[in-house]
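The values are calculated or read from the model by the stated rules, or taken from the named source; none is laboratory data. No experiment lies behind these values; they were computed from the predicted model shown. Because the Cβ atoms are built from the backbone with ideal geometry, glycine has one as well, and the counts that use them run over all protein chains shown. Protein only, heavy atoms only, side chains kept; ligands, DNA and RNA dropped before computing areas. Shrake-Rupley method; radii C 1.70, N 1.55, O 1.52, S 1.80 Å.
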Amino acid sequence: MHFYRLCVLSLCFWWQANADSTWQDAILRTRQSTKSVTVDLTKRYQTMDGFGISEAFQRANVIVNLPAKQQREILDLLFNTTSGAGLTILRNGIGSSPDSSSDHMNSIAPKSPGSPTAAMSYVWDKKDSGQLFVSKEAWKYGVRTFYANAWSAPGYMKTNGNENNGGYLCGVSGKTCSSGDWKQTYANYLVKYLQFYQQEGIEVTHVGFLNEPEFSPSYAGMLSSGTQAADFIKVLALTLKAADLSTTIACCDSEGWGNQGSMTSQIKSSGAENLLSTITSHSYTSSPGSPLSTTRKVWQTENADLQGAWQSAFYSNGGAGEGMRWAGLIHNAVVNANCSAYLYWIGVQTGNTNSKLISVSGTSYSVSKRLWAFGHFARGARPGAVRVGISGQPSGVQASAYLNRDGNLAIVFINTGSAAAAVAVDVKGGWKGTKVTRAWVTDNSKSMADLAVVLSNGAASVSVPGRSMVSLSVTE
Ligand SMILES: *[C@@H]1O[C@H](CO)[C@@H](O)[C@H](O)[C@H]1NC(C)=O
Ligand SMILES: *[C@@H]1O[C@H](CO)[C@@H](O)[C@H](O)[C@H]1NC(C)=O
């Protein structure tokens, strides 16, 4: 019987030798040698804050407007830690628009008080462009990291009198306005927004006041150098303290890593680095390749395949929208550029591009494997987890490891090769021995499906299928 099975397998192998099929993978699995991978708990790197998305610019309303059933399914897909991706960060846009037309994010002070020292009149619509609803839902799933980020100050606080088309905040270095210095008023405005959320039961943990400050878009945006950002950071830090808020400051959501590096060094020269908790950058004009020079946490707060047509595959031909590509981008930002968080641009949106993880059309929706690439990291490396050393992974397999606060150790593998790779994971550095293991796999046909894992002689062994992502959870 045994002989007969082997014989069948080798015939199949011979017959299937050039086909990229699961048959071939199954046969290779029996032939490959198991590679011993070691997690070293004595090698400790950055502390993780998590993984997330934004629903800014009224994308949140796509979720708000769904029928209850689809709404719950989509919220589960985003935030549920057992059936979904278990995302842990939500980046909300702080509105600067006088209205809610098109995709505008309306301001909490749509009318100018006339001068920076006059009383502001605030309006809280309890919607915040749909973001309050999504925030409250995310909170129910355990999300505790909320990044409130203004793309611009309201137009009346700016050199160009408009939330759109760039312009600077009146009162930062080199930018004076006849209407006066609006730095303190803008800081009060941001604090008021945070207090509205606090009243709703949501503690906003991070606040940002710029988005892509080297770019003047036709939508909300505001220009700033690092030096000018530092002028405002100093005012905002004091204002947060006076209001007794624990919200920390994040800056500056540059378009790319290069400009964020320059802004960070200007912030340091201006003596404002220590007033920040987090340096934030996007990946559009340059990607996170190596760590930024800072003592602060670093987050990659926005990236997406903005142009490509909707792609839901994990692997097709290595294209920009594929799940495996995004798994690799997250891995690179975390392992090589010291990022403590990685956020995709949009979680849920309509339309036919890859700028979101889940695409909604009417009352139906499609889920990309990009969501599950985020899911392996987000469910494995929970907020507060410390990234630890890992070595010995087979070539073509990327690996990272995270020791969670509850003692759970997560290991994330991305097999970029076409053949399956067998790994046996050992843990050293004060580990009492692996007792419990679980594993999940994502590839073109599976989405964080349970995967068999064998525990023998203290090592947890799994076979990582070709072009797949596998995460392990082990406890001692
Ligand atoms: C997450 O999904 C599981 C399984 O479907 C369900 O039992 C649980 O209630 C969900 N969690 C939340 C917070 O909704
Ligand atoms: C990584 O980031 C942490 C802050 O999260 C910092 O203390 C550490 O120095 C950084 N490491 C490198 C290599 O830049």
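Would you kindly identify the strands (runs of 3 or more DSSP E) lying entirely within the range 378-476 that contain at least 1 residues that are polar (S, T, N, Q), buried (at least 21 other Cβ atoms within 10 Å of the Cβ) and modelled with pLDDT of 95 or more? Spell out the reasoning first.
Values: elements: 386-391, 397-403, 409-415, 421-428, 436-442, 454-456, 459-464, 468-475.
Result: 397-403, 409-415, 436-442, 459-464, 468-475.
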Self-check item: Matching residues in the range 287-332 - criterion: being within 14 Å of I414 (Cα to Cα) and aliphatic (A, V, I, L, M)
Solution: M324, A327, L329, I330
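When the range 56-98 is examined, which residues are found to be assigned to a loop (DSSP other than H, G, I, E, B) and either outside the structural domain of T350 (by TED's automatic domain parsing) or within 12 Å of the chain's Cα centre (by Cα) (or both)? If you could, list the steps in order and put the result at the bottom.
Step one: list which residues in the range 56-98 are assigned to a loop (DSSP other than H, G, I, E, B), which gives 56-59, 65-67, 80-88, 95-96, 98.
Across the range 56-98, the qualifying residues are A85, G86, L87, T88.
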Quiz item: If you take the residues in the range 298-335 that are surrounded by 24 or more Cβ atoms within 10 Å (Cβ to Cβ) and assigned to a loop (DSSP other than H, G, I, E, B), which one is nearest to ligand 2 (Cβ to nearest atom)?
Solution: A304
Practice problem: Starting from residues that are open to solvent by less than 30 Å² (accessible area, probe 1.4 Å) and out of contact with any Ser or Thr (no Cβ under 9 Å at 6 or more places or on another chain), keep the ones in the range 46-70 and report whichever is farthest from ligand 1 (Cβ to nearest atom). | Solution: I53
Quiz item: When the range 272-297 is examined, which residues are found to be surrounded by 21 or more Cβ atoms within 10 Å (Cβ to Cβ) and in contact (Cβ under 8 Å) with a residue 60 or more places away in the chain?
Solution: T278, T280, H282, K297
Practice problem: Output the residues belonging to the range 350-375 that are open to solvent by less than 10 Å² (accessible area, probe 1.4 Å), within 19 Å of the chain's Cα centre (by Cα) and within 18 Å of Q71 (Cα to Cα). | Solution: K356, L357, I358, S368, L371
Quiz prompt | Subset of the range 71-100 (residues that are open to solvent by less than 10 Å² (accessible area, probe 1.4 Å) and among the basic types (K, R)) | solution = R91
Quiz item: Is it the case that V123 is β-branched (V, I, T) and in contact with a helix residue (DSSP H, G or I) (Cβ under 6 Å, 6 or more places away or on another chain)?
Solution: no
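On the basis of being free of Cβ contacts under 8 Å to residues at least 60 places away in the same chain and surrounded by fewer than 18 Cβ atoms within 10 Å (Cβ to Cβ), does S107 make the cut?
no
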Quiz item: Which residue pairs have Cβ atoms under 7 Å apart, sit 6 or more places apart or on different chains, and have a first residue in the range 372-384 that is over 16 Å from D450 (Cα atoms) and a second that is among the small types (G, A, S) and open to solvent by less than 20 Å² (accessible area, probe 1.4 Å)?
Solution: F374/A85; A378/G50; A378/A85; A378/G86; A381/A410; P383/G50
